[in-house]
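The values are calculated or read from the model by the stated rules, or taken from the named source; none is laboratory data. Bear in mind the structure is a predicted one, so any value in this text is a computation, not a measurement. Glycine also receives a Cβ, built like all others from the backbone with ideal geometry; neighbour counts cover every protein chain displayed. These accessible areas exclude ligands, DNA and RNA; they are computed on the full protein's heavy atoms, side chains included. Shrake-Rupley method; radii C 1.70, N 1.55, O 1.52, S 1.80 Å.
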Amino acid sequence: MVRSPVFTEVRPEMWGVWGTTALTWGIPCSGTAVVVASCYTLDNDLLTTEQRQFYEDNGYLLIKNLVSDEDIERFRKEFTRICKREVKPPGIMIMKDESLKSQFGQSEKVVNKVQDFQEDEELFRYCTLPEVLKYVECFTGPNIMAMHTMLINKLPDSDKQTFLHPMHQDLHYFPFRPASRIVCAWTAMERAHQDNGCLVVQPGTHKTTLKPHGYPESKTNKLFHGLLDEDEKIPKVHLVMEKGDTVFFHPLLIHGSGINRTSGFRKSISCHFASSECHYIDVKNTTQEDLEKEMQEMVCKKYDATSVELKDIWNFRARLVQGERINL
């Protein structure tokens with residue numbers, strides 16, 4: 001049974017005050033011999049004590065073989081149809097390397113990412129898979145919104161490093177809080193390893209604050225922001241994943257991905273979920289203000305609008321996938 005969350009902030013520095021009491025948004029967990037000081041997970045009997053503690057300590061959790069080969073192949077086929085313009089879902093953003101278009105035409109060999117596929121029935125199935133949502137609920141609670149969707153097709157890129165994604169925190173992109181009730185589900189659609197640009201994470205950095213982001217010196221892809229001041233001393237872990245493996249991670253976890261040094265394509269599908277009890281914030285006069293302006297300019301240009309609010313952009317993307325829609 002999932003307990004109704006109480007909005008009590010439990011910070012890591014308070015753990016010593018609470019001693020060995022396990023907390024879920026301020027509610028003591030019961031019936032556990034080994035307790036978890038839980039700022040980032042909820043007590044719903046799915047995760048083991050060890051899994052919860054790992055996420056609390058590291059900010060991510062890898063679940064092996066979660067999504068079936070059949071579902072992944074369906075997502076792959078739909079991605080191909082989108083690349084060929086056989087289907088044109090409303091609101092979808094297609095990012096591609098225009099320099100390859102003359103060589104490969106309208107094909108997946110030029111498309112690096114499709115984003116905002118919430119209106120594509122086939123791809124959006126990923127966000128409603130019961131096997132994914134049961135884990136999402138461990139972090140968000142029962143009322144779940146799908147907020148941001150992506151299918152990444154990392155192109156071969158051994159020279160230009162066009163599709164390297166610098167180390168960043170996803171919360172930089174999100175104008176809603178609290179961060180502890182947001183989680184990303186990221187599924188490998190084929191084996192992801194260091195040679196083809198797997199995810200790279202810095203464990204434990206989800207306990208830090210949101211840091212300033214911007215474009216690297218050699219600006220390439222739109223909205224591929226990175227940390228302006230990266231601490232190279234923090235250890236990095238390359239997440240080697242097999243097809244169907246899924247990693248769940250906190251929006252403050254510092255992560256990125258390297259370049260694809262192979263001749264193939266490294267595909268993944270992901271969604272950022274949030275509790276519908278989260279609320280929007282005003283990002284003006286914060287490190288996110290420049291991003292807000294950039295997103296507003298992009299949307300106004302795409303839809304020939306004169307002005308748009310950041311909240312409205314996210315309301316268009318957001319879809320309820322479980323429970324009730326409360327705030328978001």
When you scan segment 177-236, how many residues do you find that are under 27 Å from Ile94 (Cβ atoms), outside any strand (DSSP E or B) and not charged (D, E, K, R)?
13
When segment 248-266 is examined, which residues are found to be open to solvent by less than 10 Å² (accessible area, probe 1.4 Å) and basic (Lys, Arg)?
Arg266
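Mind telling me which of the residues Thr162, Thr149 ends up being β-branched (Val, Ile, Thr), under 23 Å from Lys293 (Cα atoms) and either modelled with pLDDT under 95 or under 13 Å from the mean Cα position of the chain (by Cα) (or both)? Even if it seems obvious, please write down each step before you answer.
Details: Thr162 fails: under 23 Å from Lys293 (Cα atoms).
So the residue among Thr162, Thr149 that is β-branched (Val, Ile, Thr), under 23 Å from Lys293 (Cα atoms) and either modelled with pLDDT under 95 or under 13 Å from the mean Cα position of the chain (by Cα) (or both) is Thr149.
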If you check Glu121 against the conditions, is it among the acidic types (Asp, Glu), open to solvent by 60 Å² or more (accessible area, probe 1.4 Å) and within 27 Å of Thr262 (Cα to Cα)?
no
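Going residue by residue through segment 80-91, is there one that turns out to be of a type in the set (A, V, I, L, M, F, W, C) and in contact with a Leu (Cβ under 6 Å, 6 or more places away or on another chain)? Outline the logic, then answer.
The initial filter retains those residues of segment 80-91 that are of a type in the set (A, V, I, L, M, F, W, C), namely 82-83, 87.
Remaining after also requiring in contact with a Leu (Cβ under 6 Å, 6 or more places away or on another chain): none.
No: segment 80-91 contains no residue that is of a type in the set (A, V, I, L, M, F, W, C) and in contact with a Leu (Cβ under 6 Å, 6 or more places away or on another chain).
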Taking the residues in segment 94-109 that are more than 23 Å from the chain's Cα centre (by Cα) and in a loop (DSSP other than H, G, I, E, B) as candidates, determine which candidate is modelled with the highest pLDDT.
Lys109
Top-ranked residue in segment 275-287 [being in a loop (DSSP other than H, G, I, E, B) and open to solvent by 10 Å² or more (accessible area, probe 1.4 Å); ranked as farthest from Leu320 (Cα to Cα)]
Asn285
Any idea which of (1) open to solvent by 60 Å² or more (accessible area, probe 1.4 Å); (2) under 29 Å from His238 (Cα atoms); (3) modelled with pLDDT under 55 is the one Arg74 doesn't satisfy?
(3)
Condition first: charged (D, E, K, R) and open to solvent by less than 30 Å² (accessible area, probe 1.4 Å). Can you find one or more residues in segment 309-319 that meet it?
yes
Exactly one of Asp245, Asp229, Asp290 is surrounded by 14 or more Cβ atoms within 10 Å (Cβ to Cβ), at pLDDT below 90 and not hydroxyl-bearing (Ser, Thr, Tyr), and that one is Asp290
If you scan segment 165-201, which residues turn out to be closer than 11 Å to Ser257 by Cβ and either open to solvent by less than 30 Å² (accessible area, probe 1.4 Å) or modelled with pLDDT of 95 or more (or both)?
Pro166, Met167, His168, Trp186, Ala192, Gln194, Asn196, Gly197, Cys198, Leu199, Val200, Val201
